[in-house]
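Since the structure comes first, as structure tokens, the remarks are kept for the end.
The values are calculated or read from the model by the stated rules, or taken from the named source; none is laboratory data. Please read all numbers here as calculations on a predicted model, not as lab measurements. Positions of Cβ are backbone-derived with ideal geometry, glycine not excepted, and every protein chain shown enters the neighbour counts.
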Amino acid sequence: MKERILAHFREQAGFCTEYGSPFTGALIMEMARDLGADGPVAALLADWSTNPRADALALRLAGALHAAVLTRRDPALGALYPGRAPTWRMDAVWPVARSFLAREQEWVHAFIQSPPQTNETRRSIALLAGFLAFAKTWSGPVDLLEIGASAGLNLNWDKFGYRTQSWSWGAASDVAIDTDWQGEPPPTDASIAVRNRAACDLSPLDIRDDAQRLQLKSYIWPDQADRLARFDAAVALAIVNDVRVERADAAAWLAEKLSARAPDAATLVYHSVFLQYPPRETREAIVGAIHAAGAAATPVAPVVWVRLEPEAVTDGVENGLRFVVDLHTWPGGERRVLAYTDGHVRAVYAAGEQRS
């Protein structure tokens, strides 16, 4: 198992660096070296028995250190992190981080039992392609159902301001979403009348609770100031709008909501970077519930499904690295592939609405 964990840490360090966080990449490489040398990291992970890659184990441990900074559990470490030390040096950071991991083994061990949740608001600009494509042909009310919603920050996607180099959508907002958009823009002249919104998550985090909000924030990489600022703005917006996320199994919750859907509105189900995590039986139940509702859809009460998920999940592409944005609509059950992106939506590549 130690070799599997080492391989995962090295891979994750590369991903972090590639995704614009040299700090997190360097930090995880130091963790890997410490693990190999049987240091505090090895002691913390000695009983880890499940798949480290699937568990995002390196990000759990990096999140624990960031949480120690955000909660001022270790002020000395906080003074060395990018928020207070823009010219940080890992040779200064790591000895203090290592001492914290050795000293706070019980706290860190408890922290890493929870999977990372980032509730990445930037994913909304990719999902927006699906929302606007549907809105182009629908002017009635829309009831939203988000599954795997974490703290529910993306329930307010229609209140964000979207800006790219070639198009924009939405009013001015403190939550400003941008990306490198390549290709045909979405139909930005479309408007969406959201009537109701609801969300569920198996383990939702309550942003009104200081500890849970900082736990959520700790999974954002410390040297990415734009993501941290966007998170703070999205939290403030969610609190003002009294966003609530129900604690529930997605399959059971969705089946119940869809069985009681309104006869006079579009019901729009959406999720982002979620469907890869539930067990196969749960994934099949989710898809089955959506298709069953779709079979009963009518022109005055359509069912819509918008996803942002890895192509391994959407299309069975083995070892696929892209994330797919697609739109399914009923009556009819048409699927349209709208765009491709990555997990952080650094760039979006419009797909020309490939249909199936």
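Residues of region 288-318 that are in a loop (DSSP other than H, G, I, E, B) and buried (at least 18 other Cβ atoms within 10 Å of the Cβ): A297, P302. Filtered by the rule that a residue be touching a Pro at 6+ places or on another chain (Cβ under 6 Å), among the small types (G, A, S) and closer than 25 Å to H328 by Cβ, region 94-140 gives a lone residue, A129. All conditions but one from (1) buried (at least 19 other Cβ atoms within 10 Å of the Cβ); (2) under 22 Å from R72 (Cβ atoms) apply to A238; the one that does not is (2).
Among the residues of region 262-277, are any surrounded by fewer than 17 Cβ atoms within 10 Å (Cβ to Cβ), farther than 29 Å from S139 by Cβ and at pLDDT below 95? Yes, there is a match, as at least one residue in region 262-277 is surrounded by fewer than 17 Cβ atoms within 10 Å (Cβ to Cβ), farther than 29 Å from S139 by Cβ and at pLDDT below 95. In summary, helices (runs of 4 or more DSSP H) completely within region 64-150 and bearing 2 or more residues that are assigned by TED's automatic domain parsing to the domain that holds E334 and closer than 30 Å to R163 by Cα occur at 124-135.
Checking A67, A102, A92, A42 one by one, the residue that is touching a residue at least 12 places away in the same chain (Cβ under 8 Å) and either buried (at least 20 other Cβ atoms within 10 Å of the Cβ) or not aliphatic (A, V, I, L, M) (or both) is A67 and no other.
Applying the set (1) assigned to a helix (DSSP H, G or I); (2) touching a residue at least 40 places away in the same chain (Cβ under 8 Å) to D158 leaves exactly one unmet item: (2). Could you count how many residues in region 40-63 are of a type in the set (V, I, T) and outside any loop (DSSP other than H, G, I, E, B)? So the count comes out to 1.
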